[in-house]
Amino acid sequence: MNTLEILLIAVGLSMDAFAVSLGAAASGRASGPRVAFRLSFHFGLFQFLMPVAGWLIGVSVAPLVVSVDHWVAFTLLSFVGARMIVAGFKPDVEWFRNDPSRGWTLIMLSVATSIDALAVGLSLAMIAGPIWRPAVMIGIVTGSLTLVGVRLGARLGARFGKGMEVAGGVILIIVGLRIVYVHLVS
């Protein structure tokens, strides 16, 4: 997997964290440099750790599914992408009641926004891809986009949050399609 593909995956995975940080800041419950740091650090850390965990799980089962690994990777990425697209079209019930950058709310949001990265790590194991460079890039991109989301959210509100989640889902599906295409052509 080349750097551009890893970057596209990282951007796709970070869209939900971006949308959450944008909404948190737009809600008025999360503002200031400390909140921005806490959200970007935790979202980035969890987005780094989850693909590693998925890859470790995948390495143990990869030899059993080597003949269909490209389809497994495509299915996982498409599932995650489709889920992000559907979530992007659902109306929000309510953003936040408390400061989302503290306590259990922060942990739950960190896990929820990074669970898709677990599937990506599993996909990377299925195609025998490396994990450290993608995991680091995913974590850095997520942390950076979360910081941008907090900054923009304070100014722009939640106007673009859902659209970004849809874009992230489309990117993941395109990467999955490319994996299958490369496997079938080579």
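Report yes if D92 is modelled with pLDDT under 70 and in a helix (DSSP H, G or I), otherwise no. So D92 does not fit the description; no.
Can A30 be described as buried (at least 18 other Cβ atoms within 10 Å of the Cβ), more than 15 Å from the chain's Cα centre (by Cα), assigned to a loop (DSSP other than H, G, I, E, B) and at pLDDT below 85? In short, yes. Before we move on, is T146 among the β-branched types (V, I, T), touching a Gly at 6+ places or on another chain (Cβ under 6 Å) and at pLDDT 85 or above? Considered against the rule, which asks whether it is among the β-branched types (V, I, T), touching a Gly at 6+ places or on another chain (Cβ under 6 Å) and at pLDDT 85 or above, T146 comes out as no.
Here is a yes/no grid of residues against (1) more than 23 Å from F79 (Cα to Cα); (2) in a helix (DSSP H, G or I); (3) modelled with pLDDT under 80:
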site: S110; (1), (2), (3): no, yes, no
site: L118; (1), (2), (3): no, yes, no
site: A125; (1), (2), (3): no, yes, no
site: G139; (1), (2), (3): no, yes, no
site: G153; (1), (2), (3): yes, yes, yes
site: L172; (1), (2), (3): no, yes, yes
site: Y181; (1), (2), (3): no, yes, no
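Anything in the stretch 50-82 that is surrounded by fewer than 18 Cβ atoms within 10 Å (Cβ to Cβ) and at pLDDT 75 or above? List them, or say none. Passing the criteria: A53, L56, I57, V59, S60, V61, W71, T75, F79, A82. Among residues of the stretch 9-27 being among the polar types (S, T, N, Q) and within 17 Å of the chain's Cα centre (by Cα), the one that is modelled with the highest pLDDT is S14.
Do any residues in the stretch 16-38 that are farther than 24 Å from F89 by Cα and β-branched (V, I, T) have Cβ atoms under 6 Å from those of residues that are modelled with pLDDT of 75 or more and in a helix (DSSP H, G or I), where the two are at least six apart or on different chains, and which pairs are they? No pair meets every condition.
The values are calculated or read from the model by the stated rules, or taken from the named source; none is laboratory data. Just so you know, these numbers come straight off a predicted model, no measurement behind them. Positions of Cβ are backbone-derived with ideal geometry, glycine not excepted, and every protein chain shown enters the neighbour counts.
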